[in-house]
1. Out of Glu126, Glu107, Glu98, I need the residue that is acidic (Asp, Glu), surrounded by fewer than 16 Cβ atoms within 10 Å (Cβ to Cβ) and not in a loop (DSSP other than H, G, I, E, B). Which one?
2. State all residues of segment 143-173 that are in a loop (DSSP other than H, G, I, E, B) and among the small types (Gly, Ala, Ser); if no residue qualifies, say none.
3. Name the one entry in Asn176, Asn133, Asn140 that is within 20 Å of Leu87 (Cα to Cα) and assigned to a helix (DSSP H, G or I).
4. Can you spot a residue in segment 86-94 that is over 23 Å from the mean Cα position of the chain (by Cα) and farther than 13 Å from Ala141 by Cβ?
5. Scan segment 114-126 and tell me whether some residue there is of a type in the set (Asp, Glu) and closer than 17 Å to Cys177 by Cα.
Amino acid sequence: MKKLKNWLETKLNSIKGYVAFIILSAGVITITMVYFVGVFIPSKMGIEGLISYQVRYMPINEAKASTNAILSVLDGTKMEDAKPYILKASKYYEIPIELYLGIAKAESGFNNFPEGSFNPVGIKPEGQLKNYNSWEHSVNATFHLLKEYYWESGLTTCREIMLKYVGYQSEDWVNNCQSIYLQ
């Protein structure tokens, strides 16, 4: 009887060891995945970050609905006709639509820019408001500028972009930008 008891205790301890190993392994895998998703993926993707990553890899119908919802902020504004160009440029330059829209909201509220300038983002080379000949031209030029002078330099949030873009500290600008682009 004592041998049986010892044998059972040995087996039970062995099973406890296996269970502990499995639990520890599951914990390590979980921590690794959390790190990978939370740190590695966003850092490899630049300022798109985890939110844009989730939108990018969600089922197509959900992503389309999400994009349409984001662009719906332009409904009834002077920028409404720019929507297809914003979508196309965002994909081409791999810059979130929300960043462009956040800057446009901060600069013009989507409406406060000269008619026919197609410049809702306040581009002012040499202090003069830049006039573009179409929404396509304006949107592509702006996304190119964002990619080359901000995105690739690691300026990825409204706050980081603000000092270089605006030229001075403006909490109103940051708040307007962040009302759409929450990075």
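Computed from the coordinates by the stated procedures, all read-outs in this text should not be read as laboratory data. Since the structure is predicted, the reported quantities are computational estimates derived from the model, not experimental observations. We place every Cβ from the backbone using ideal geometry, glycine too, and count neighbours over all the protein chains shown.
1. Going through Glu126, Glu107, Glu98 in turn, the sole match is Glu126.
2. Taking segment 143-173 first, the residues in a loop (DSSP other than H, G, I, E, B) are 150, 154-157, 167-170.
Residues satisfying the conditions are Gly154, Gly167, Ser170.
3. Asn140
4. no
5. Going residue by residue through segment 114-126, those that are of a type in the set (Asp, Glu) are 115, 126.
Then drop every residue that is not closer than 17 Å to Cys177 by Cα, which leaves none.
Taking every residue of segment 114-126 in turn, none turns out to be of a type in the set (Asp, Glu) and closer than 17 Å to Cys177 by Cα.
Condition check ((1) out of contact with any helix residue (DSSP H, G or I) (no Cβ under 9 Å at 6 or more places or on another chain); (2) without any contact (Cβ under 8 Å) to a residue 40 or more places away in the chain) across all residues:
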site	(1), (2)
Leu74	no, yes
Tyr85	no, no
Ser90	no, no
Gly127	yes, yes
Trp135	no, no
Asn140	no, no
Thr157	no, no
Leu163	yes, yes
